[in-house]
Amino acid sequence: MIKKIRQSIIWSIVILAFPLNSLGQETNTMYYMPRIPQMTFMNPAFQPECNFYLSFPGISEVNVNLGNNTLAYRDVIFQSPVSDSMITFLHPEANTAEFLSRLNPSNSLFTEFSTNLFGFGFRSGNGYFSFHLKQRSDLQAAYPKDFMTLLLEGNQNMTGETMNFSKFNLFTNHHLEYSLGYSGRIEDKLGFGIRVKYLNGLAHLQSKDFNLQLYTSESGDSISMASDIDLRGSLPLDVSTDSTGFIDEVQDIEPSVTDIFANPGFALDFGVSYQVTDDLELSASVSDLGFINYQNYVHNYTINGQFAFTGVDVSSEINGDESSDDPIDQVTDSLKENIRFSYAGNQYLYFLGPRIFVGGNYSLNDRVDLGLLSRTRFFSGEVYQSFTLSANTRPIRGISLSASYSVMNRAYNNLGLGLALRLGPFQIYTVSDVVSAGLWPEETKAFNLRFGLNFVFGCNPARRIMDDEPMIR
């Protein structure tokens, strides 16, 4: 039974860590594709080429990102060293020590999803206005190598040593985003943009602090645990506790319509672009600078203390002695005596993980340019960095193509492609930084994809210039 539970935990981590099902971070390749209106999400100073666009509900943008920074497909499923069959790292023939050697002291995984529920934008003189309603969901987690070692090998090789689980981190957030954006120009060379966003938090869970250590005695007959854990979240649950703060019961609550607006928040995006020469443009932006005030269905839970476990006496269970205490109750009572549990329903602020984009674009001619982009994300005290080099072309009217190479998620084999195709008033686009996942999936650590359908008007720049000129000189 314990073995099955242990394998279930391991496979839960593995399934989240691989792009088997796509549930994004912004797609870097799209940063220099101005014919796609959604590229302004990365830098609000940019202006779409078309005078007007309308985003179709639910299909104008689907943005998906999934992966991890440590394991590739080949690290989990591989050729058996003693037979012709394919096996997993859980198989008895697998080299567990070799698998563990591929892990970092801290390993992270993520799934991100966003979709544009409604949006539109239009040009007015030299300015551009836009409005969007988006739904965004994020899940990020980190687990220490010591935790996987305990699950796969147990603690028999750790006598007299302490296993450190302080690298654990869990975060998930789901919210709605209403945004109003404007971009304009100061003289001819300097462009600027700002997007103001009102947020509605729908659900949130985060391990604010997670310090846990497990010590195995020299003789191996007992283990002791020291914990300092702080969890907080906003979920439609009714939690009841006993006098010691230990959770007795958790029941679901059916959310109401008013709950959608019960957790308000605000955020800003802002950016600039500067035309250094006729051929070179530099740009920079900051997005998701803001917070959500979670105050509905709020749960704060802390676990502090030390606990020693030397086993349980199960003789009463074997002999059928009903007068003795249940072994599980014995362990629970001992936990309550040595560990301090604290539950509260205090509201709290969740600060979004801001992103910084810095880029440069060089035009080789009217149809081809080269772009370089740096993206930095700050989250939970960590910094996540990526770089993308892209080649962008507009071979004929209505078609835009991009090819890119990115360094991200500690991987150096990320090849991306982007395509925007305009068929009359309809624009179809698809962009990915990791199309190389189809070329060598066994090496892939992450996957992202953005696609959608827009309704566009006024996309002929030559005609637009003529419209701005007076009819009589």
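Hand me the GluC sites (Glu not before Pro) from the range 111-174 located in a DSSP loop with no more than 14 other Cβ atoms within 10 Å, in residue order please.
E161
Using unit Cβ charges (K, R positive; D, E negative) and no other charged atoms, how large, in debye to the nearest 20, is the dipole of the range 21-173 about its Cα centre?
Magnitude of the dipole: close to 620 debye.
Of the listed peptides 79-86, 168-175, what is their order by residue-averaged count of other C-beta atoms within 10 Å, with the highest listed first?
168-175, 79-86
What accessible surface, in Å², does a 1.4 Å probe find on R394, ignoring ligands, DNA and RNA and rounding to the nearest 10?
Around 30 Å² of this residue is reachable by solvent.
Along its principal axes, what span do the Cα atoms of the range 349-420 show, with the longest given first and each in whole Å?
Result for the range 349-420: principal-axis Cα extents of 48, 28, 20 Å.
If you count only protein heavy atoms and use a 1.4 Å probe, how large is the accessible surface of I396, to the nearest 10 Å²?
The accessible area comes out at roughly 100 Å².
Given F192, I223, A262, which one lies farthest toward the positive end of the charge dipole of the range 176-298, if we put +1 on the Cβ of every Lys and Arg and -1 on the Cβ of every Asp and Glu?
Going by the Cα projections, it comes out as F192.
Heavy atoms only, probe 1.4 Å: what % of the accessible area of the range 89-221 goes to carbon and sulfur, would you let me know?
Solvent-exposed carbon and sulfur of the range 89-221 make up 54 percent of the total.
When only alpha-carbon atoms are used, what values of Rg and Dmax, in angstrom, describe the range 48-93?
21.9, 64
What does the convex hull of the alpha-carbon atoms of the range 165-255 project to on average, in nm²?
Averaged projected hull area, Cα only: 11.8 nm².
Which ³J(HN,Hα) values in Hz, rounded to whole numbers, follow from the phi angles of the range 427-441 under the Karplus curve 6.51 cos²θ - 1.76 cosθ + 1.60, where θ = phi - 60° and Gly and Pro get x?
Karplus values, whole Hz, x for Gly and Pro: 10, 10, 9, 8, 9, 8, 8, 9, 5, 5, 4, x, 8, 9, x.
Along the charge dipole of the range 14-156, Cβ charges K/R +1 and D/E -1, which of L54, N155, P92 sits furthest on the positive end?
L54
The values are calculated or read from the model by the stated rules, or taken from the named source; none is laboratory data. Quantities reported herein were computed from a predicted structural model and do not represent experimental measurements. Heads up, the Cβs are rebuilt from the backbone with ideal geometry, glycines too, and the neighbour counts pull from every protein chain shown. For the accessible areas, the whole protein counts, side chains as well, though only heavy atoms, and no ligand, DNA or RNA atoms are used. Shrake-Rupley method; radii C 1.70, N 1.55, O 1.52, S 1.80 Å.
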